[in-house]
Structure formats: structure tokens, C-alpha cells
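Here's the structure, in C-alpha cells; my notes come after.
The values are calculated or read from the model by the stated rules, or taken from the named source; none is laboratory data. This one's a predicted model, so the numbers in the text were calculated from it and none came from an experiment. Every residue, glycine as well, gets a Cβ built from its backbone with ideal geometry; the counts of neighbours run over all protein chains shown.
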């Protein structure tokens, strides 16, 4: 009988289909559903039909559940100037690359120039005129190596020229060598030191950094935001059972019902689906091998959510957008449900709280190049983003499209930085910004086993906007 619905062009959500399959009134219910003349049937539609057929049939929504968030209008403000969607004009020629790096350098230089210093700023073209003087240079790192004596030698450039910087292992500042170990190629930093004929001897290294004195942003309304990423619809490792438990919880069918009723927004930081052809032999790990069908599964998920919840979706490296960053929003011919589709990275205000959403593709290259960084603690990499005020400092570590505007620069520091990609929950507070890596709803893949990655599936961070509290709920035990 379900075939009769599909022949008529009627699509069922996954939970609606399950409810029909287990009902003794299935045949009668299908006849009534056809009379509804609706192209999409959700779980609530099926519950209503079953209720009409048999008053004794219980719908699973608890009568006493009250969603406080339903009393408030959504307040979503996308900062379009920081979203590449619809703005990409790059041709990938030399001029685009020059403009990209110039834009990055100029914007991060402005941030460094705002910081007070005891030394006068000096362009590299004028360093040799300041022999034996203490100067401060703002530069982009183009090479880094260790000398035979164990010192660190940097080759740096600005818009006026190039120079060399020596960081001595015998520096008076014991922390200087440790700080220098964290310098990556293409970092924009300020270096203070003594100018010599052939090089500058570093005494201090500064990052663009996030300001220290910042108050936590809260709201008068007692609302909450849930953070998801890496759902991977279509994968054979997709954890549908646990995601359904999350949906049930949002409807008040589980513990912490008061908190569930506060959820007004769901922020999704990429990898909505598992995609097609993302890695070799991926087809062996897919249960759905059609990209449109994968996104239809996501639309079913959206339709199953309470109506008062507003969803914000940005893409990841498994989604059907260009692989290079910055990524534009997922197109409306793929995601057909009513959600806010934005690029990665993007800035959006949710009830006035500034969120930066970035899938986190560069976390891989950051971990490979930073000492003491690991997949066990993605939040530590997110601190490095905030220190450097850039989401992908090392050019070439992951694919970056050279736009004339570097969308990866963090001009405006967010209240919350939301990432995903590594399938590992991680949280930290850094200089007033809450960094959230929201984990996954995909089980451990063969690739992750080989790499030694240990994901933390079905752990959902929930942020209470009035009190500035972050909680993590475990849906593996639901």
C-alpha cells in the first residue's frame, strides 16, 4: 500500500513511514492520507489520521509539554558581507592570488597596528636604516627553518620587501622559543627586535589576537541553541536512531523537557550528507547513492522538527558545493526545506548573539603543523584561529580559492565560534569567545579506525542564551 503513495507523488518522512508500517490501521490511514492531497507527509500528519481512525491511538507528544521557545519570534541576522555565497568572481589567475594575500595582509596588519608597543613600527624596506635600534615589523612568514646552531630562522615579507629574522634559543625570554615553534608559514605576525645589517634578532612575537576585555553576550529571553555537524545522511554509518532520539527530545519525549522547550535555533556546521565520490571507494560505505536522495533525507529530518525551531545550515567538505574554501551555501535545489542556508565561513546573529560558523576543514593542516595539537582536542585548534584571527592561515594545507577578499579573516570576533569536521566534541572559552566543536551523528568509519580517530557521536551541545550556560546531552542512551 505504501507504493500507492509513491505512485501518487506523495513523499513520507522517515518517522512517518515507520509509524504507518507499525500501525494496524495502515491501509485505512493511507486512504485518508491520499485525500489530504499533500506532496509531503510528516509524522504529525500520520498521527492526526490515526487519531481520527481510532480515538484510542495515542500520539507520542506529551500533553503537558510546553515549548517556551514557541512564544518568541525567530531573530536571525546573516552578515552577508562575510559570506561568499553569490559573490565569487575569481578566475584563479595571478592577479587573484596577489589580491588575496594583499587583502589578508592588510586586514591583519591593521589589527596588529592597533596594539600598543614600545618600539616604532618599521617597514622592511627601511629596517637597514635603523641599525642597532629596536623596531617592530609586521610581516607575513614565507619560510621557516632551524639553523645549525639550533636557532630559528624566518624569512618574512611585507608590502615593501623581504628580510630575515633570527629567534635565538638563548633568548632572555624563555617563552620566546616556545612561542616561535607555533609559527606557521603564511602567518601574519608582529616581531619586535634589534635590527642588524642582515637580519633582525627577535625579542617579542605577537599575533593579531582576540581582545581580552569582552563581556559575555546573553539575552533577556530564556532560549537555547543546539549545535550539530557531520550528520552524514546517506552513509551506512549514519546514526539515525540517535538523531531520532534528539528529535523526540525536542518534542518533549524524554528527559530535560524544560531545556528542550527552550530550543529556538539549531546551528549545523557542515557535512549534512555523506556526498558522492568524496574519497576512493566511498560507494561501498553508502546506503543512499543519489545526492538528491541524501538531501531529501535531511529535508525529512527538518520536517520532523517542532515548527517553532529555526535552522541555520552551512556546508562542509562532504556537501555538494565547491571543495575549495570559502564555500557557498548549499543550493535550494538540494535543500528544499525552509532553513537558513549560509556559506562556510559565515557570520550570523541568533537573537543578537554573534555566531561564526566554519566547518573546520583546515583543522587537519593545523594539527599537522602545530606542536601539541591533536584530534582529541579540536577546541585547541579553534583557539589558534582566534589568536591568528584567521580560519586557514597555512595556504595550501587545504584548498583555498583566491578571492579578492579573504573571507577566512576574522575581522569581527564572534561570541560563539562553531566548527565540526573532526567528529569530536570539544569546548573552551577563549577571551570571551565560546568555541564549540559539535561532534557527529556518524559512527566510526574504517578510515577513522586506520587513522586512530575516536569520534564522540550523538553528543549535542546546548547553549542557554539567558544564562550563558553550555550543556552537553548524550543521545546514545536514549
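For segment 190-207, which positions are under 38 Å from the mean Cα position of the chain (by Cα) and assigned to a strand (DSSP E or B)?
We begin by selecting, within segment 190-207, every residue under 38 Å from the mean Cα position of the chain (by Cα); these are 190-193, 202-207.
190, 191, 192, 193, 202, 203, 204, 205, 206 - these are the residues of segment 190-207 that are under 38 Å from the mean Cα position of the chain (by Cα) and assigned to a strand (DSSP E or B).
Across segment 104-120, which residue is modelled with the lowest pLDDT among those that are surrounded by 15 or more Cβ atoms within 10 Å (Cβ to Cβ) and farther than 16 Å from residue 187 by Cβ?
117
Got a sec? Which of 262, 236 is touching a strand residue (DSSP E or B) at 6+ places or on another chain (Cβ under 8 Å), under 20 Å from residue 416 (Cβ atoms) and surrounded by fewer than 24 Cβ atoms within 10 Å (Cβ to Cβ)? Write out each step before concluding.
Numbers: 236 fails: under 20 Å from residue 416 (Cβ atoms).
262 is the lone residue from the list that is touching a strand residue (DSSP E or B) at 6+ places or on another chain (Cβ under 8 Å), under 20 Å from residue 416 (Cβ atoms) and surrounded by fewer than 24 Cβ atoms within 10 Å (Cβ to Cβ).
Given 359, 355, which one is at pLDDT 95 or above, buried (at least 18 other Cβ atoms within 10 Å of the Cβ) and part of a loop (DSSP other than H, G, I, E, B)?
Values: 355 fails: part of a loop (DSSP other than H, G, I, E, B).
Matching residue, one of 359, 355: 359.
Could you list all residues from segment 129-164 that are farther than 22 Å from residue 394 by Cβ and either surrounded by 14 or more Cβ atoms within 10 Å (Cβ to Cβ) or touching a helix residue (DSSP H, G or I) at 6+ places or on another chain (Cβ under 6 Å) (or both)?
Hits for segment 129-164 are 130, 134, 135, 136, 151, 160, 161.
Looking at residue 32, is it modelled with pLDDT under 80, outside the structural domain of residue 312 (by TED's automatic domain parsing), touching a helix residue (DSSP H, G or I) at 6+ places or on another chain (Cβ under 7 Å) and assigned to a helix (DSSP H, G or I)?
Details: modelled with pLDDT under 80: yes; outside the structural domain of residue 312 (by TED's automatic domain parsing): yes; touching a helix residue (DSSP H, G or I) at 6+ places or on another chain (Cβ under 7 Å): yes; assigned to a helix (DSSP H, G or I): yes.
Answer is yes for this residue.
Only one residue in 372, 398 is surrounded by fewer than 23 Cβ atoms within 10 Å (Cβ to Cβ), at positive phi and in a loop (DSSP other than H, G, I, E, B), so which one is that?
372
Check off (1) surrounded by fewer than 23 Cβ atoms within 10 Å (Cβ to Cβ); (2) within 16 Å of the chain's Cα centre (by Cα); (3) within 22 Å of residue 87 (Cβ to Cβ) for residue 407 and give me the number that stays unchecked.
Residue 407 satisfies every listed condition except (1).
Name the pairs: first residue in segment 9-27 and within 18 Å of residue 299 (Cα to Cα), second residue at pLDDT 75 or above and part of a strand (DSSP E or B), Cβ to Cβ under 9 Å, at least 6 apart or on different chains?
Going by the 9 Å Cβ cut-off, the qualifying pairs are 10/41; 11/41; 12/41; 13/41; 16/41; 17/41.
Of the residues that make up segment 223-235, is at least one part of a strand (DSSP E or B) and under 25 Å from residue 129 (Cα atoms)? Talk me through it step by step, then tell me what you get.
Initial filter on segment 223-235 (part of a strand (DSSP E or B)): 224-228, 233, 235.
With the extra rule that they be under 25 Å from residue 129 (Cα atoms), the set shrinks to none.
No - not one qualifying residue is present in segment 223-235.
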